[in-house]
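First comes the structure, then the notes that go with it.
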Amino acid sequence: MKSSMKREIYKQLRSIVIISVGLALIPPILQFNNYFLLVLTYILLYAVIVSAWNIIGGFGGQLDLGAGAFTGLGCFTMGTLLLRWNIPPVIGVFAGGLIAAAFGFIIGYPSFRFGLKDVWYALATIALVVVLKQFFTVWEQVGGPEERYLPGTYGSLYYLKLPYSYYYYILVVALAIVLFLNVKVKMSKLGYYLFSVRENEDAAEMLGVDVRMTKLKGLMIYAFITGTIGSFFALISGYIHPTQFNTDISLQIAILGIVGGLGSIYSPVITTFILQSASEYLRTVLGGWIPGIHLIFYGAILMIIVLFFPEGLSAILNKVYAKIGLFSLKKEEKK
Amino acid sequence: MSLELFIQNLINGTLLGFVYSLVALGLALQFGVMDIINFGHGEFVMVAMYLTFWISLFLAIPGSATVVLTAPIFFVFGIIIYKLVIDKVIEAQPLSQIAVTIGLLILLRNFALAAWHAEPKGLQYQVLVGGFKVGDYVISISRLATAIVSLVVLIVLHLILTKTYFGIAIRATSDDKVAAALLGVNVKKMYTLVFGLGCAIIAIAASFIMTFQQVEPMSGMTWGLLSWVIVAMGGLGGLSGVLAAGLIVGIAQGIEITFWDPRASLAIVYLLFILLLWFKPKGLFGKR
Amino acid sequence: MNFKTGFDKKFKILSVTFLVSLFLLVGCVGQPPSPTPTPSPTATASPSPTVPAIKEVKIGLIEPLTGTHAVFGTEAKQAAELIVEDINAKGGIKSLGGAKIKLVVGDTKSDNEGAKLAAEQLISSEHPVVILGAYISRHTAAMAEVTEREKVILVGDALVDFLTEKGYKYFFRVCPKSSAHGKTAMEFAYETAKENGVELKNISVINEDSVFGKYTSEGAIHQAYTYGVTVLDHIEYPYDISDASPIVSKLKSENPQVVVSVPYFDDGVLIAKTMREMGWHPLLVAGSGACGYCDPGSIEAAGAAVEGFTQTYSYNPMLNTPYNKWFVNEFKKRYGKMPTEAGGIIAYSLWTVKEALEKAGEINPSDPLNPDVLKQAFLSLDITSGPAAELYPSQHIRFDAHGDNEFAEAVVLQVQNGQPVLVWPRALRTTKPIFPMPSK
């Protein structure tokens, strides 16, 4: 039992290393073109957050739309620490993760305590995004309408004001870590508990699973990662502003997670890469022609995927994995 | 802070509350009966507002009069959307429903942008303008008309649901669709009609919103989330629940703006909503 | 089960730590900020390659073509297409051997990520020498980081003051900054009241809650203090507000003589309509900053409700010069509406760019498109005639060291009988402002 688990983890680790190395090779192939690097960095940002969302949304089946709140908190914590006390972002990003996890606790504890589920939980979390956005707009000592630009000269490691390739490689490492965390959680008791909650909450409760605590743990792991990685939004754009509490991010993350296929580890990430690149491609090709037409296509693609592949893209991707023999998903997909 | 201002804003908030309830009513009906989670609701409102604008412009009739045309058109629109999209996810898990309706949201919003451009459009032919005075207080005619329409729609809907065969079948489906099907109710047909009816109500709401607002492709944002909040607060405890929740939201906004900062008016409403979800998870009036 | 209890304990400790750290943060931010080093971006990338024989000069236009701000971007794009066509029809850039201008367009998607992506994409695939954009100040700032690094001249059409105060090396702005708008609105209100024998004693200021609204209203408030006018209240609201009646009720209870308002777009119409419904309006609603009351779209949407409202503009469609008349007519013919702020700024900015390119060809014929040569050309400009001047309110363009136009000026338009007419500055106006506003 123990050794088979170890072997499984080792196998997954191999897949993750393959993905990371593959990702690491992309920039040199593209000759460090700034535009492609920036696109890829944003896609990676989303991929990491989607992968984190997978823990609460995919494994646990909780439709969390709080990603915008956590990324915003990450940005503001990191930015405020830097602007007020000159604390370097290297520390700030993790502080951002902690604050986001704290807020995850604040919203999650009572929500799960009072049994919020499904759409009600989704609404509570997306409402949180708007509440925080408006709160930071009014709270002028920290937020306010004015953008607060982050200090530092270009190329400074202390201020993490770096060329895109640095962010890209940091995020590749982050993605590898989060993917491995996904594997770890999935193999652990927490993972089994989360799956049981997703399948049938009442039955899980009856069988002695502490449903509240399970969900809360999943939520806080996700919030921590989202807060930490979310602060890169501020680092890349170079300022903090209440618009970083963005409901669009919440919707994007959730929809990518759902379309990717709930509970699968790699499919949401791969889906993010496919759909976000398609979106950016449509934008460059069609964007200048008729405003909005590329997003019509994007919306239509999303609907088609959900309507005709209810399992998400993972159903298709699994066949592809089987063909190329990667990811060894035989065991893992049937849950 | 003068008392007059407070009372005036209480009046404003109440009138606004009726508008909110009317907008949320279509959603409450669809969600209550069919359990369909439609995140594209706000976008439906936006499209209906555009429809009102164009019909009013081409036929040169006041916005409030376009109801006779927009409501049937939107009834058909609702049925088409149901057949094309909703029917396929009606049995699916909530997450799929949300994903598909978010896709619909992105599609509709950008369709509006591509087809009608980004400039806000407001009605030119209007009969419901101005306000009248009651003592020191002003009541806006368009808002009052909306409130009255909202009440009328509520009462009519209530009568339909309680007095007609159709309504009883709807309620039966809502309570237990398997039992209803066994008793000879065509559930699929009921769903189709309810979705259409919900959309027709959205069209009525949109026609009256247009008497004091203008429409742009992003208009759906405001109405979508607010409607969901009202439906959640009303707790599906029937139509009066929706009305009460709408009034609470409207009045809360009015009071907040009187005493604090208009920038945080939605924050207060949503905070109230989150607290309510926690402490009264069944909504204010009902069983969920 | 020991797993569970063990976790519970750890979990409690952890959550307490989180909460404590949270409160520490909340407690500390109330303290005064310590001085922070000012950002001074330095460019590192290699200069863009130059072409020996120039047939075509690429100019980038990055605007919000989709999303919340699409209304402005769309008009800017229309104006740019029109002007580029005209420049090319008139023989292109003469000092560069009649090189034609090619417009390449990018979309910011009305968000910051999009603005940055669009700038990177345009620069890496098209190599434009000058980029215009992006109407929204924070998107412009995001783009400026890219253009500074790549040494591409950025001509901004966003008004917020700080853009030229950040020490950018390749940034220019032809249009007046936002505080100038607020100042002009206040000046106009005060002087007009005086002209009509009314002494202005108090005003209320309302603005939408963006950084643009903030700077503009501060310009107005500052000017009010200079005049000794009391500011009764300063209300900020989100631009997508669904109901303006509480705000108007508040204004009504304060009853100021003049309301200085910085609307975004929809909210202006909403406020005007609500004032009409509430049956109250001040002597004058002096709109400030670009759009919301007097543009054709607003007049169409609000109808009689905006009659008598005034608004400051960075561009004056009523300006009585041959080229401006041609531009307005052509624009109307092609797109079925009058050019407003967004289109006007792009029109004169593009002509200014054209003049700068001419200058660059004269200064350094061997390498005119070098960013530093171009910068020098921009700084040596002193335009008092030609299309650029004829489109500009003050008819004079000369850049100071920060990249702002020294002769920047905003004008005031007023809605009279459903048409916007020029009422300020005094020297330019043909019609007298209606004061107080007609009651509706």
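Which whole-angstrom value gives the distance between the alpha carbon centres of region C:55-102 and region A:10-60?
One Cα centre to the other: 38 Å.
Peptide A:206-219: average number of partner chain Cβ atoms within 10 Å per residue? Show your work: numbers first, answer last.
Numbers: counts 0, 0, 2, 1, 4, 0, 0, 4, 2, 0, 2, 2, 0, 0.
Mean partner-chain Cβ count within 10 Å for A:206-219: 1.
Give the accessible surface of the protein assembly as shown per residue, rounded to a whole number of Å², with probe radius 1.4 Å and ligands, DNA and RNA excluded.
Details: 37530 Å² over 1063 residues.
Roughly 35 Å² per residue, with all protein chains present.
Report the gain in length on full extension from A:L157 to A:F114: 0.36 nm times residue separation, minus Cα-Cα distance, nm rounded to one decimal. List each step's numbers first, then the result.
Working: separation 43, 0.36 × 43 = 15.48 nm, distance 4.54 nm.
Computed gain between A:L157 and A:F114 is 10.9 nm.
Would you mind computing, in nm to one decimal, how far apart the modelled labels at A:M187 and C:K90 are, each placed 7 Å from Cα along Cα→Cβ?
So the label points at A:M187 and C:K90 sit 7.2 nm apart.
Looking at region B:205-269, which chymotrypsin sites (Phe, Trp or Tyr not before Pro) are in a loop (DSSP not H, G, I, E or B) and have at most 14 other Cβ atoms within 10 Å?
Details: sites: B:F208, B:F212, B:W223, B:W228, B:F259, B:W260; in loops: B:F212, B:W260.
In loop regions of region B:205-269 (DSSP not H, G, I, E or B), the sparsely surrounded chymotrypsin sites (Phe, Trp or Tyr not before Pro) are B:W260.
Give me Rg/Rg_expected for chain C, where Rg uses Cα atoms only and Rg_expected = 2.2 N^0.38 Å with N residues. Intermediate values should be presented prior to the final figure.
On the way: Rg = 24.3 Å, N = 440, 2.2 N^0.38 = 22.2 Å.
Working it through for chain C, the quotient is 1.09.
Using the per-residue mean of other Cβ atoms lying within 10 Å as a proxy for protection, in what order, highest first, do the peptides B:153-165, A:216-228, C:399-411 fall? Could the numbers behind the result be given before it?
Values: B:153-165: 13.5, A:216-228: 26.7, C:399-411: 19.2.
Per-residue Cβ counts within 10 Å, averaged per peptide and sorted highest first, yield A:216-228, C:399-411, B:153-165.
Arrange the residues A:S314, C:S210 by how much accessible surface each exposes, largest first, with a 1.4 angstrom probe.
Details: A:S314 10, C:S210 30 Å².
Of A:S314, C:S210, the descending order of accessible area is C:S210, A:S314.
Among A:V39, A:F309, A:L23, which residue has its Cα positioned farthest towards the positive end of the charge dipole of chain A, with +1 placed on the Cβ of Lys and Arg, -1 on the Cβ of Asp and Glu, and the dipole taken about the Cα centre?
Value computed over the given set: A:L23.
Let's test the formula: R0 of 41 Å, r as the Cβ-Cβ distance of C:H234 and C:K337. What FRET efficiency results, to the nearest 0.05?
Details: r = 33 Å, r/R0 = 0.81.
Efficiency, rounded to the nearest 0.05: 0.75.
If you build the convex hull over the alpha carbons only and average its shadow over all orientations, what do you get for the protein assembly as shown? Give it in nm² to one decimal.
Working: hull surface 167.7 nm².
So the Cα hull casts an average projection of 41.9 nm².
Show me you know the interface measure: the accessible area buried between A and C, both chains summed, probe 1.4 Å, in Å² to the nearest 100. Can you show the working numbers first?
Numbers: alone 16290 and 19340 Å², together 30700 Å².
The summed interface area works out to 4900 Å².
Hey, what angle do you get for helix B:141-163 against the long axis of chain B, alpha-carbon based, 0 to 90 degrees rounded to 10?
Once rounded, the angle reads 20 degrees.
Determine which residues of region C:266-292 fall in the zone a paramagnetic label at B:W116 would reach in this model, i.e. backbone nitrogen under 13 Å from the point 7 Å along Cα→Cβ.
Zone members listed by number: none at all.
By average Cβ neighbour count within 10 Å, what is the ranking of B:20-27, C:348-355, A:187-194 from highest down?
Working: B:20-27: 29.4, C:348-355: 26.6, A:187-194: 19.2.
For the peptides B:20-27, C:348-355, A:187-194, the packing ranking is B:20-27, C:348-355, A:187-194.
Find the centroid of the Cα atoms in region C:301-338 and in region C:237-289, then give the distance between the two in whole Å.
Region C:301-338 and region C:237-289 have Cα centres separated by 23 Å.
For the Cα atoms of chain B, what angle does the longest principal axis make with the long axis of helix B:165-175, in degrees from 0 to 90, nearest 10?
The angle comes out near 80 degrees.
On a 0 to 90° scale, report how tilted helix B:265-279 is relative to the longest principal axis of chain B, with both axes built from alpha carbons and the result rounded to the nearest 10.
40
Using a 10 Å cut-off on Cβ to Cβ distances, tally the other chain neighbours for every residue of B:23-30 and report the average as a whole number. Don't skip to the answer; put the middle values down first.
Working: counts 1, 0, 0, 0, 0, 0, 0, 0.
Per residue, the average neighbour count from other chains is 0.
Hey, can you list the DSSP H helices of chain C whose Cα span along the axis is 27 Å or longer and whose average Kyte-Doolittle score is at least -1.0?
Working: long enough: C:2-28 (39 Å, 0.97); C:70-89 (28 Å, 0.35); C:341-363 (32 Å, 0.25).
Qualifying helices, which must be both long enough and hydrophobic enough, are C:2-28, C:70-89, C:341-363.
FRET efficiency for B:V187 and A:K11, Cβ-Cβ distance as r, R0 = 30 Å, nearest 0.05?
Numbers: r = 47 Å, r/R0 = 1.57.
FRET efficiency, B:V187 to A:K11: 0.05.
Ranked from highest to lowest mean number of other Cβ atoms within 10 Å per residue, what is the order of the peptides A:76-82, A:301-307? Mind dumping the intermediate values first?
Working: A:76-82: 27.4, A:301-307: 20.4.
Output ranking for A:76-82, A:301-307: A:76-82, A:301-307.
What does the average come to when, for each residue of peptide B:266-278, you count the partner chain Cβ atoms lying within 10 Å of its Cβ? Before the final figure, lay out the partial values.
Numbers: counts 9, 11, 3, 4, 10, 6, 2, 4, 10, 2, 1, 9, 9.
Taking all residues of B:266-278 together, the mean is 6.
Assuming R0 = 25 Å, what is the FRET efficiency of B:D176 and B:I90, from their Cβ-Cβ distance, to the nearest 0.05?
Values: r = 16 Å, r/R0 = 0.63.
Calculated value: 0.95.
The values are calculated or read from the model by the stated rules, or taken from the named source; none is laboratory data. From a predicted model like this one, the values you see are computed outputs, not experimental measurements. All Cβ positions, even for glycine, are placed from backbone atoms using ideal geometry, and neighbour counts span all protein chains on display. Surface accessibility is based on the protein's heavy atoms, side chains included, excluding ligands, DNA and RNA. Shrake-Rupley method; radii C 1.70, N 1.55, O 1.52, S 1.80 Å.
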